[in-house]
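The values are calculated or read from the model by the stated rules, or taken from the named source; none is laboratory data. Computed from a predicted model, the values in this text were never measured in an experiment. Here the Cβ positions follow ideal geometry from the backbone for every residue, glycine too, while neighbour counts run over all protein chains shown.
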Amino acid sequence: MIEIATPLTGAASTGEAVQFWILAVIAVAGALGMVLCRKAVHSALCLAGTMIALAICYMAEGAVFLGVVQIVVYTGAIMMLFLFVVMLVGVSAEDTVKDALKGQRIAAVVAGLGFGVLLIAGIANAKLRTFTGTGAADAKAGGNVQGLAALIFTKYVWAFEVTGALLITAAIGAMVLTHRELTEEKQSQRDLAERRVRLGTQVTPLPAPGVYARHNAVDVPGLLPDGTPSELTVNPTLRARGQMRDVSGELVDRMGELEASTAGWLGRRTPKPRHSTELAKAPAAASAPAPTAEEPQE
Amino acid sequence: MNPVNYLYLAALLFTIGATGVLVRRNAIVLFMCVELMLNASNLALVTFSRLHGNLDGQIIAFFTMVVAAAEVVVGLAIIVSVFRTRHSASVDDTNLMKL
Amino acid sequence: MDNLIPVLVGLPLAGAAVLLLGGRRLDRFGHWLGVLASTASFGVGLALFFDMLSRSTAQRPAFDHLFTWVPVEGFQAQIGFQLDQLSVVFVLLITGVGSLIHLYSVGYMAHDERRRRFFGYLNLFLAAMLLLVLADNYLLLYVGWEGVGLASYLLIGFWQHKPSAATAAKKAFLVNRVGDIGLSIAIMLMFSTFGTFAFGPVFGAAHTASQGTLTGIGLMLLLAACGKSAQVPLQSWLGDAMEGPTPVSALIHAATMVTAGVYLITRSSAIFNLAPTAQLATVCVGAVTLLFGAIVGCAKDDIKKALAGSTMSQIGYMVMAAGLGPIGYVFAIMHLVTHGFFKAGLFLGAGSVMHGMNDEVDMRKYGGLRSYMPLTFVTFGLGYLAIIGFPGLSGFFSKDKIIEAAFAHGGTEGWILGCAALVGAAVTAFYMTRVMLMTFFGEKRWQPDAEGHEPHPHESPKTMGIPMVVLSIGSVGAGALFAWNSSFVNWLTPVTGHEEGHSPLSSWTVSGVTFAVIALGVLVSWLMYGRQPVPATPPVGSLLTRAARRDLLQDDFNHVVLVGGGTHLTRFLVYLDAKGFDGVVNGIAAAVGGTSGRMRKLQNGYVRSYALSMFGGALVLVATTLLMRAV
Amino acid sequence: MSSFPLLTVAAALPAVGAVLTAALPAATSAKRRDVNKVLPLGVSVLTLVLAAIVAIRFKPGGARYQMTEYHSWISDFGIGYSLGVDGIAVVLILLTAVLVPVVMLASWHDADPVANDAGTFERNRRTQGFFALILAVEAMVVLSFEATDVFLFYVFFEAMLIPMYFLIGGFGDRTVGEDARQRSYAAVKFLLYNLLGGLIMLAAVIGLYVITAKQGIGTDGHGTFDLGTITQALASGKLHFSPVAEKALFLGFMFAFAVKAPLWPLHTWLPNAMGEATPGVAVLITAVVDKVGTYAMLRFCLQLFPDASKTFGPAILVLSLIGIIYGALLAVGQKDIKRLIAYASISHFGFIIMGIFAMTSQGQAGATLYMVNHGISTAALLLVAGFLMSRRGSRLIADYGGVQKVAPVLAGTFMIGGLATLSLPGLAPFVSEFLVLVGTFTRYPAIGIIATIGIVLAALYVLVLYQRTMTGPVKPEVAGFRDLHARELVVVTPLIALLLFLGVYPRPIADIVNPAVRDTMSDVHRTDPAPAHPITAAQVAAANSQGGGQ
């Protein structure tokens, strides 16, 4: 059967077309980047890019209000929330290359491709050639925002109220979920101190992190007198995440350099620089890079 | 240009998001993929709104955003509390239902 | 008066019920209760007989309808009784001989702790047998038919602790059941042909049915008769049935029950008369059995089994006579009655001998008993003379008539049948003489029994003696009484019909030839067993003798083909059921289990894996939707 | 007709009794435990009284369904709580009501806990649970017989599986060596088999509804499940099945009933279930629960799908014929008393189904009588066998021998049960078996003739069983056997009395059944084959004058 092509109405202007192609490339690249980046932070940033591109698309399509909301709510609020949680959970946490599920990746890609082809075929099959545009509707209400407002508070007022309730519920839910119930009376500093003495483990306060004055980051363990790093100095959360940064080798590496510069300054003879590989033989185990957090626990 | 291209873009993004959900293991990234899918559908809704010349599509997209916000709040809270107990954000680690 | 007919059945039935349910408190006098029930029934029978005599021929049959037994749409089975000339003969035979044997059993079973039960069973038998001959329709007859089978089963297996007795009882019941198939199919055929199975209507309408149907009914009735009357090919149970107490053998397996087949054929004369093929089959069965039984009787050393072979043979005569049609019915019944007397007498005599010989049954361990047991010898001897057809005694009148009727059948068939009957007579004379000689003559070959008791032969107590005397009187005189003035023929003709046969040989010729072959049989027997001593251990014997000792290999055939085949079939089916049908069921279960075991692996606990399945499902849904739209 | 809901009460009584029994306080002593059993026994006896009242109030010549009750239940689907009984149902309800107290009395100690070594009393509700479950089964069965709504029937038909499952799986035959695995296998097999049948039937039930809805049989465009309405619509031609639909629906119903009945080759669950259950429960299975299957064939298959019944009749007859001979042959080959009786039952169910599908008055009346008689005779044989087994703790035939000598009453009752099983004339089963055979023969002579082989085989397995267990030399283990004691005699006596009475005078039951059979025959539009050469009145007169007479 021969399709008779209907004339296209409401076509996009050339400017919009150019804009679309640029934005489309950015959006797809952002999306792919989000999926492919191994670090969550990178994924979040890619997604933010895609969202901004989409926001501009909305505006181009006449949904000015939505475009703004997209930027304010999504890119501004939701993505920030994401970033907060990423920080909380671990910036550097990344997926291992090897998937625990055999064939999952291939199956997912195949299914995804199939789905995409189906969707696109479906859209192509629909032969949409008449785009009315929302201009008339906007004009009738006196603008896009006014139009939306009129609809939200009349036709969709019920849904609007319900989503309001949903939002409140979600907020309370988030609080409940992250709230931790105290199962016993909160221990005061005095209690803690007494317990430490009673147990006799670590009576004094824990040593501070950081190696001399060169590092003051919380994730860098302090060095013991013999040059080995002490795990005690690092916050247990970071330890649990395996995000302890061992810089002892680096320090030793730079020790020679330091000594040389000091000697130069004092006019002494420089001793032979000692290399970290020699020095770090004994505590090699302690200073070995901590396992990544995302090692599957099979 | 036929505005239907927006729909193709939406379909593409949706597919990428869906595949991402299946491929990634980090719960946060997983969530981001879901957000991408929602955004893709929003784009489609806005385009449909343009197609039909009324604002209902935009309204629905608006609601989608609200619901997505709520969902993200709850979802991230869940991720945080899971992380607290299991010290991991990988969805593969929450497989206690496994036999 | 007609209302008394159910009483005939009711008395022994009540006796049986009281004796079987009464418990141990009846042990002391229960047997006399049994005798009383039986004798009272005989008395009622006599009263009814004389009542019948007093009426004109047309008025003689009496009916008593009790109630509708099975009232179903189109199928109305009645409990109704019919007492005609034929039935009354049987009633008198059954209750008369039955009472005598009850009396005999009082002595014979005196030392058995379960005597009360024995009398209960005997009464049950009488009730069932009377029901059989008094029923006015085939279905009620069937009740009696199986009832006597049950009583026979209980009595053969009375000494249940003996495995051989229990097996024999089971065998008897089973073989009879095979015959019963015939009766039930015959009834079904009658019902589908005539819509009824009451005697009167069926016989009245028999001529309207097709030849094929009548032949079918006739053959099926013959099958039933073969089972009950131990005719070839269903004869194998009778020899084993001798495991029962001897009074049982006398009453059930000689005088009454085994003749029920003859009654059935005679009763159904209206059908047989119209079905020549069935008649021919009947004659053949009778002739074959009369020779078969006689040959088996010659080879047995067990006195009761020899008599059992004889019974088979004599019933063969009756069946043959019944198969001859109107020229033979009356003589079949007449021989039946005379045989009832002399064979019961012979069995009671045998029982008396066994009683005196520590229950020894092997004739090779008897010998010379005539002086120790004179009464038994005399009564047994009279029975012997009667059975071989010694002129003037009852067997002579009945058997000669049958031989004559066989010749009168006409044509080649007539000659063949007549000659077979003559050969049978000669062989009968031979083996009966053999029994006589081995038991009562010659030297003593007594041996101590298993427990080492030397036998001390003695005459039996009076309760056993009187029945023997009475029966021997019957053996001597019944034939002459019946033959006198053709009274028996005239009595039965209204029921069975009678035609004079036109024998190619004159009556006197037949009698003469018969007497000659009998004398020959006696002579040969005397030469073999009378003149020379009988060895205590049986000689090897000819092939025929050995085969005859094993009932002409019929049991072996049954054992190999039926029992062996059946066992294998059953084992195969048990295997098939367990592995085949149940295997399929369990296989399905295992397949489902295995599949779910594999499916279970899909539930691996990984969220992403579930998400993939959902996504796949969504894919399929979308694809289907699009396809459906496209189509 | 008074408005007193007699049928509901008759079914509700055991149901309430079951709940009450379960709720009784747990027994604190063995004596209290026996006291706890009195309530369920009393309830079952009361139910028997009610069933007798139903039977007495039933008027054989009256309306087809009597004592009807109707309450709308799920009106959107035309489902009603509609009860009513015809003759066949009355008879079967009576059978159920008779057997349940007998079974209870026979299983008096079957569910008692095993005495432990310390002799301490185990305090739990297990024992009374057993009796409560029996009452529950009774309630379901009675309701199945009473339901005149297809859906209502289906509900109870399936619901009775639940208590039965627990009775089989939870209370094994401890007297004969418990094997919990075998038992749970049997129980699960029973459940799955019957559930599968039930599911297929459910599909057919829904299909039936859809067809009635499409053809506007029910009210307000809904379909209906009401049997009476559907039958009337069928008769008046308002409802018409397409041939394919009718066949499919018939097969759907028939499959469930054939599993339940059971018809060869769907029988394999029965020997397992009967073998592992206590004798009393085995009686419930074969004599009560399975009867619902055969009853339903008569009630639903024939009535709803007359044409399909006609089409498939011969095939089903052949299956039932195979079942008769196959079951009997397998019974001969069994080593286990209870499995032997189970296979004998399969053979007997073959006769019942044959009678139903022979489509003659004699066949159907015979089949109905057979259901009753088989229930009584099997109960007698199985319960006496149970008494026997409880004395020796074995169910193998080879472990017995010579019982007749030490326990003559036991042997005697066993023999009567056996004789009834082999359909000895004079005992009740003979009448029904012969009616079935005659009814089949008039329409299908060949099948009728072959089926008679079953008679011989029945004699074979019964007598072999009797010979091996009861006769012969007394085995040493058997020598100490007690004869039947009072409770056991009370159990056996009514059964044997019924066997004898119904063997001689089956008229009371036949009179109730006949009108129902007539109705069913007219439902399937069949008449009995006329005799080839019917007796004319003139011939009868002639025969009478000749001296034949009737």
Exercise. Go through A:A100, A:A53, A:A44 for me and flag whichever is closer than 16 Å to B:A27 by Cβ, over 18 Å from the mean Cα position of the chain (by Cα) and either assigned to a helix (DSSP H, G or I) or of a type in the set (A, V, I, L, M, F, W, C) (or both).
Key: A:A100
Quiz item: Quick one: D:R391 ticks every box in (1) buried (at least 24 other Cβ atoms within 10 Å of the Cβ); (2) of a type outside the set (V, I, T); (3) assigned to a helix (DSSP H, G or I) bar one, so which box is it?
Solution: (1)
Exercise. Take the residues in the stretch A:172-210 that are farther than 19 Å from B:F83 by Cα and of a type in the set (G, A, S), then tell me which one is surrounded by the fewest Cβ atoms within 10 Å (Cβ to Cβ).
Key: A:G200
Practice problem: Would you please list the contacts, defined by Cβ atoms under 7 Å and residues six or more apart or on different chains, that run from a residue in the stretch A:32-53 that is assigned by TED's automatic domain parsing to the domain that holds A:V85 to a residue that is of a type in the set (D, E)? | Solution: A:R38/A:E94; A:R38/A:D95; A:K39/A:E94; A:L47/B:E35
Self-check item: Hits in the stretch C:564-590 - residues which are within 34 Å of the chain's Cα centre (by Cα), of a type outside the set (S, T, N, Q) and at the interface with another protein chain (Cβ under 8 Å from one of its Cβ atoms)
Solution: C:G566, C:L569, C:R571, C:L573, C:V574
Exercise. Pull up the stretch D:503-520, narrow it to residues that are touching a helix residue (DSSP H, G or I) at 6+ places or on another chain (Cβ under 9 Å) and among the charged types (D, E, K, R), then point me to the one that is nearest to D:A52 (Cα to Cα).
Key: D:D511
Quiz prompt | Residues satisfying the stated conditions in the stretch D:54-77, i.e. surrounded by 14 or more Cβ atoms within 10 Å (Cβ to Cβ) and out of contact with any Phe, Trp or Tyr (no Cβ under 6 Å at 6 or more places or on another chain) | solution = D:V54, D:A55, D:R57, D:F58, D:P60, D:R64, D:Y65, D:M67, D:T68, D:E69, D:Y70, D:F77
Practice problem: Pick out the one residue from C:S54, C:S38 that is out of contact with any helix residue (DSSP H, G or I) (no Cβ under 9 Å at 6 or more places or on another chain) and among the small types (G, A, S). | Solution: C:S54
Self-check item: helices (runs of 4 or more DSSP H) within the stretch A:136-219 that include 2 or more residues under 34 Å from the mean Cα position of the chain (by Cα) and in contact (Cβ under 8 Å) with a residue 24 or more places away in the chain
Solution: A:144-153
Quiz item: Given the residues A:L47, A:L23, which is the only one that is surrounded by 19 or more Cβ atoms within 10 Å (Cβ to Cβ), more than 8 Å from every other protein chain (Cβ to nearest Cβ) and either hydroxyl-bearing (S, T, Y) or farther than 30 Å from A:P236 by Cα (or both)?
Solution: A:L23
Practice problem: Would you mind stating whether B:A89 is over 24 Å from A:L113 (Cα atoms) and within 14 Å of chain C (Cβ to nearest Cβ)? | Solution: yes
Quiz item: Among the numbered criteria (1) under 30 Å from C:Q78 (Cβ atoms); (2) more than 8 Å from chain C (Cβ to nearest Cβ); (3) in contact with a strand residue (DSSP E or B) (Cβ under 6 Å, 6 or more places away or on another chain), which single criterion is violated by D:A428?
Solution: (3)
Quiz item: Condition test on C:F158, is it surrounded by fewer than 24 Cβ atoms within 10 Å (Cβ to Cβ), of a type in the set (A, V, I, L, M, F, W, C) and more than 7 Å from every other protein chain (Cβ to nearest Cβ)?
Solution: yes
Quiz item: Of these, B:T19, B:T47, B:T64, B:T15, which one is facing another protein chain (nearest Cβ under 7 Å), hydroxyl-bearing (S, T, Y), part of a helix (DSSP H, G or I) and more than 19 Å from A:R105 (Cβ to Cβ)?
Solution: B:T47
Practice problem: Can you tell me which residue within the stretch C:192-211, out of those that are more than 7 Å from every other protein chain (Cβ to nearest Cβ) and farther than 15 Å from C:L139 by Cα, is nearest to the chain's Cα centre (by Cα)? | Solution: C:A206
Quiz item: Pick from D:V49, D:V38, D:V85, D:V103: which is crowded, with 16+ Cβ neighbours inside 10 Å and within 19 Å of D:P494 (Cβ to Cβ)?
Solution: D:V103
Quiz prompt | For D:A497: the one exception among (1) at pLDDT 90 or above; (2) crowded, with 20+ Cβ neighbours inside 10 Å | solution = (2)
Quiz item: Taking the stretch D:467-488 only, how many residues are within 8 Å of another protein chain (Cβ to nearest Cβ) and not in a loop (DSSP other than H, G, I, E, B)?
Solution: 2
Quiz item: Given the stretch D:236-305, what helices (runs of 4 or more DSSP H) lie entirely inside it while holding 3 or more residues that are among the hydrophobic types (A, V, I, L, M, F, W, C) and touching a residue at least 12 places away in the same chain (Cβ under 8 Å)?
Solution: D:243-260, D:269-276, D:279-283
Quiz prompt | One residue from B:G53, B:G75 being closer than 27 Å to A:I71 by Cβ and buried (at least 21 other Cβ atoms within 10 Å of the Cβ) | solution = B:G75
Exercise. Kindly indicate the residue of the stretch C:186-223 that is polar (S, T, N, Q) and part of a helix (DSSP H, G or I) and also surrounded by the fewest Cβ atoms within 10 Å (Cβ to Cβ) among those meeting that condition.
Key: C:Q211
Self-check item: Residues that are within 30 Å of B:V23 (Cα to Cα) and polar (S, T, N, Q), drawn from the stretch C:585-611
Solution: C:T595, C:S596, C:Q603, C:N604, C:S609
Quiz item: Can you name the residue in the stretch C:608-618 that is among the aliphatic types (A, V, I, L, M) and surrounded by fewer than 17 Cβ atoms within 10 Å (Cβ to Cβ) and is also nearest to the other protein chains (Cβ to nearest Cβ) among such residues?
Solution: C:A618
Quiz item: If you go through the stretch D:440-448 one residue at a time, do you hit one that is surrounded by fewer than 24 Cβ atoms within 10 Å (Cβ to Cβ), outside any helix (DSSP H, G or I) and small (G, A, S)?
Solution: no
Quiz item: Of the conditions (1) in a helix (DSSP H, G or I); (2) within 14 Å of chain B (Cβ to nearest Cβ); (3) at pLDDT below 85; (4) surrounded by fewer than 16 Cβ atoms within 10 Å (Cβ to Cβ), C:V561 fails just one. Which one is it?
Solution: (2)
Practice problem: State whether one or more residues within the stretch B:67-83 are charged (D, E, K, R) and within 7 Å of chain A (Cβ to nearest Cβ). | Solution: no
